[in-house]
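The values are calculated or read from the model by the stated rules, or taken from the named source; none is laboratory data. These numbers were taken from a predicted model, which means no experiment stands behind them. Here the Cβ is made from the backbone with ideal geometry for all residues, glycine too, and neighbour counts use every protein chain on show.
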Amino acid sequence: MGSCGEQYRLLFIYIRKHLSRVPDRRSKWASDMRQIDLVIENAFIQIIEQGYADGSLRNVGPSRVVAYGMLGVVGWTHRWFRPQTSPQTAREIGETYAEMMVSGLRADGER
């Protein structure tokens, strides 16, 4: 969320743009954007799988589903967050999201 606040305009465009609707999906830019998406998605999936494996995260379901859920929470923020007018800062929103998501996955039962 910190990046969303700092780079709001660029990330707003990036998140809103469906790569499947890029006029020339074979362009280098479209290919680069798909690669960035895959890197981010795979990083989330790997972190969740590592947490499942080492017992630090409670296995609540398939890692891909959990990862996409997390990305969806942050990805939907562009619909209502405006850095200049939001009553909460991007950092505060990020901390709330992190607490909400991590407390649901935490294996030790702490909330």
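The table that follows gives values for the structure above.
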{"item": "Enumeration of residues in the stretch 48-68 that are in a helix (DSSP H, G or I) and either among the aromatic types (Phe, Trp, Tyr) or touching a residue at least 12 places away in the same chain (Cβ under 8 Å) (or both)", "result": "ILE48, GLU49, GLY51, TYR52, SER63, ARG64, VAL66, ALA67, TYR68"}
{"item": "Breaking point among (1) touching a Leu at 6+ places or on another chain (Cβ under 9 Å); (2) among the charged types (D, E, K, R); (3) at pLDDT 85 or above, for ARG64", "result": "(1)"}
{"item": "Options ARG64, ARG34; residue that is among the basic types (Lys, Arg) and under 20 Å from TYR97 (Cβ atoms)", "result": "ARG64"}
{"item": "Hey, GLY51 on the phi > 0 side of the Ramachandran plot and either at pLDDT 90 or above or loosely packed, with under 12 Cβ neighbours inside 10 Å (or both) or not", "result": "no"}
{"item": "Counted residues, the stretch 83-111 - those being at pLDDT 90 or above and not in a helix (DSSP H, G or I)", "result": "5"}
